[in-house]
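Colleague: Dumping the structure here so I can ask a few things about it.
The values are calculated or read from the model by the stated rules, or taken from the named source; none is laboratory data. It should be emphasised that the depicted structure is a prediction, and the values quoted were computed from it without experimental measurement. Because the Cβ atoms are built from the backbone with ideal geometry, glycine has one as well, and the counts that use them run over all protein chains shown. What goes into the accessible areas is simple: the full protein's heavy atoms, side chains included, and nothing from ligands, DNA or RNA. Shrake-Rupley method; radii C 1.70, N 1.55, O 1.52, S 1.80 Å.
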Amino acid sequence: MMRQTAALAIIAASILGPAPAVARQAPAGERAVTLQECVETALKNNPGLSAEVLGPEAAAAATGVAREIFLPKMSFALGTQTSNQASFSWLDATDQVTSDFADYQGQLSQRLPTGATLSASLYSYRSETNRSFQTINPRFGSTLTFDFAQPLLRDFGFKMARREIIVAGYNEEISGNSLRQALVDMVFEVEEAYWNLVYSLEALEVQRDSLRLAKELLAKNEKELEVGVIPPIDILSARAEVASREADIIQARALVKDGQDTLRALLYLKGENGGPPPVLVPADRPGTEATTIGLEDALAAALASRPDLSSSQVDIRAKALDLTYARNQTLPNLSFRASYWSPGVSGTQLIYQDNDPLTGVIVGTVPGGPSLAFKDAFRFRYKNWFVGLTLDLGLESVVSRARIAEARLASGQAALKHKDIEARAMLEVEVAHRAVETDYQRVQAYRLARELAEEKLAAEQKKLEAGMSTNYTVLQQQRDLAQARTNETRARVDYSLSQARLKRAMGTTLESKNIRLNGAARS
């Protein structure tokens, strides 16, 4: 389910581009993975992104619902009624008066961007009774009405009318930024786990090489002991060093397994068909190319791209809108209204003797149906209109003024929070940029230290062969070389991680990985 949802919301195309260094082949039974593959897999599989991925979709749906306030609305009403009551008048024809009444109404209304409401309605009815002295029975009536109502002070204007849409748009933008931040954090977690695993594997390789050198020296000493060149006590240091380096390998292997478990957990990889999970082996190596971005460019990029700064700016706009709305609600409720309606009446006309209804004698009828009432209404035979103003000075304005104070404080608070977030962001960028420069210099220094350690070991081994050095000194030089190689690897990995931290601090992680969002929130 998460894989399908994420695939709809995230396009990870060419996430990392070329590998940062020459890839290596994994041994049999292991799975070589690039950083690109790891990031893609994490974005597709990790269920921790599910809520964030659905957030922008839900916010976009809420925006669509808010926009529906400007869609035309239709309403219909239908009713029928029969009433019976005792007759208390000599004018009634019978002892029981019966009246039948049925009506129906249809209305089409439209809200306008100015806050006005425009509506058109048609009301029709049919009335029939057994009372005496009726001139039209049954009677049909229809009335076509047009109404226009426009607030002139409170709730007036495009911003007030579209307030719900604007707020929904702000929420959509904030939700998009939250998803963006979640993706940035996830990508960095994968990068951090990947490069730390690279370091663990490189450190294990260094320990293996160091053990191999110690074993070679031990084998040489054992041969010299056999021929009596050295006394038995001189071989103890070599044996102790082999045992110590074997212990170092055990610890290094444990760190490798921990790193593989961490990376595999981020990718949510499991064994196929109930088998063991795959053994992940990074195929990429950390690069050592110098970063060319300057501090000023990094700070500018952070101001333009960081999701938290963007959300903070949206919050400022939202609080400003709340303040504008609170002020608007303190205005008097002055409304303009105009109506125009056209009634029509028809029905069966009763003809009385001598044209006198008081005789109660019906001598004929003139049939008439509801169509005549419709025609009169739609032909505007009887024109009626109304124009007026309504002023409401309710006491709720006192409460609204309290809301102004509340909204003003919230707006000021949002501005202060934005300044704090911006200051923290700038500090984070400066620290990350400095770390990139420092780690690059560390890479160069540790590379030189490793090269010198290799030369020192080679020279010391030649001296040992010439009988001018001791096993202890050679073993110490081997340890120095192993430490120098480990330091160089750590510096290279730290350099890759500091570059990733700088991109995260700048808010450009997704752009640098070519990750795009479908339906990203827009203001």
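Colleague: Applying the selection to the stretch 35-75, what residues are of a type in the set (A, V, I, L, M), more than 30 Å from Ala120 (Cα to Cα) and in contact (Cβ under 8 Å) with a residue 40 or more places away in the chain?
Modeller: Within the stretch 35-75, Leu35, Val39, Ala42, Leu43, Leu49, Val53, Leu54, Ala58, Ala59, Ala60 meet the criteria.
Colleague: Which of the residues that make up the stretch 286-314 are open to solvent by 40 Å² or more (accessible area, probe 1.4 Å) and either within 23 Å of the chain's Cα centre (by Cα) or among the small types (Gly, Ala, Ser) (or both)?
Modeller: Of everything in the stretch 286-314, those that are open to solvent by 40 Å² or more (accessible area, probe 1.4 Å) and either within 23 Å of the chain's Cα centre (by Cα) or among the small types (Gly, Ala, Ser) (or both) turn out to be Ala290, Ala300, Leu303, Ala304, Asp308, Gln313.
Colleague: Restricting to the stretch 183-201, what's the tally of residues that are under 17 Å from Ser512 (Cβ atoms) and aliphatic (A, V, I, L, M)?
Modeller: Looking only at that region, the number is 5.
Colleague: Right, here's the next one. I'm checking my understanding of the structure. Among residues of the stretch 55-69 that are in contact with a helix residue (DSSP H, G or I) (Cβ under 8 Å, 6 or more places away or on another chain) and among the charged types (D, E, K, R), which one is least open to solvent (accessible area, probe 1.4 Å)? Spell out how you get there, then give the answer.
Modeller: Going through the stretch 55-69, the residues in contact with a helix residue (DSSP H, G or I) (Cβ under 8 Å, 6 or more places away or on another chain) turn out to be 55-60, 62-63, 65-67, 69.
After this cut, where a residue has to be among the charged types (D, E, K, R) as well, the list is 57, 67.
Working: Glu57: 89, Arg67: 137 Å².
By that ranking, first place goes to Glu57.
Colleague: Also: Looking at the stretch 223-242 only, could you name the residues that are open to solvent by less than 60 Å² (accessible area, probe 1.4 Å), acidic (Asp, Glu) and farther than 15 Å from Ser210 by Cα?
Modeller: Correct list: Glu224 only.
Colleague: Next up: Against the condition surrounded by fewer than 12 Cβ atoms within 10 Å (Cβ to Cβ), in contact with a Pro (Cβ under 7 Å, 6 or more places away or on another chain) and over 30 Å from Leu295 (Cα atoms), how does Leu389 come out, does it pass?
Modeller: Details: surrounded by fewer than 12 Cβ atoms within 10 Å (Cβ to Cβ): yes; in contact with a Pro (Cβ under 7 Å, 6 or more places away or on another chain): no; over 30 Å from Leu295 (Cα atoms): yes.
So Leu389 fails the test.
Colleague: Considering each residue of the stretch 128-154, count those that are at pLDDT below 90, open to solvent by less than 60 Å² (accessible area, probe 1.4 Å) and among the hydroxyl-bearing types (Ser, Thr, Tyr), and give that number.
Modeller: 2
Colleague: Could you look through the stretch 243-275, keep only residues that are within 35 Å of the chain's Cα centre (by Cα) and part of a loop (DSSP other than H, G, I, E, B), and pick out the one that is surrounded by the most Cβ atoms within 10 Å (Cβ to Cβ)?
Modeller: Among those that are within 35 Å of the chain's Cα centre (by Cα) and part of a loop (DSSP other than H, G, I, E, B), it is Leu269.
Colleague: Quick check, is Glu451 under 27 Å from Leu255 (Cβ atoms), in a helix (DSSP H, G or I) and acidic (Asp, Glu)?
Modeller: Here the answer is yes, as Glu451 does meet what is asked.
Colleague: OK, next. With respect to Ala458, determine if the residue is open to solvent by less than 40 Å² (accessible area, probe 1.4 Å) and assigned to a helix (DSSP H, G or I).
Modeller: So Ala458 fails the test.
Colleague: Follow-up question, since we're still on this one. Which pairs have Cβ atoms under 6 Å, sit 6 or more apart or on different chains, and link a residue in the stretch 193-220 that is without any contact (Cβ under 8 Å) to a residue 60 or more places away in the chain to one that is part of a helix (DSSP H, G or I) and open to solvent by 20 Å² or more (accessible area, probe 1.4 Å)?
Modeller: Ser200/Leu255
So that you can scan it fast, the table gives a plain yes or no per residue for (1) of a type outside the set (Ser, Thr, Tyr); (2) surrounded by 15 or more Cβ atoms within 10 Å (Cβ to Cβ); (3) not in a loop (DSSP other than H, G, I, E, B):
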residue	(1), (2), (3)
Arg424	yes, no, yes
Glu428	yes, yes, yes
Arg442	yes, yes, yes
Gly467	yes, no, no
Thr489	no, yes, yes
Ala505	yes, yes, yes
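Colleague: Filter the stretch 83-121 down to the residues that are among the aliphatic types (A, V, I, L, M), modelled with pLDDT of 80 or more and open to solvent by 40 Å² or more (accessible area, probe 1.4 Å) and list them by number.
Modeller: Leu108, Leu112, Leu118, listed by residue number.
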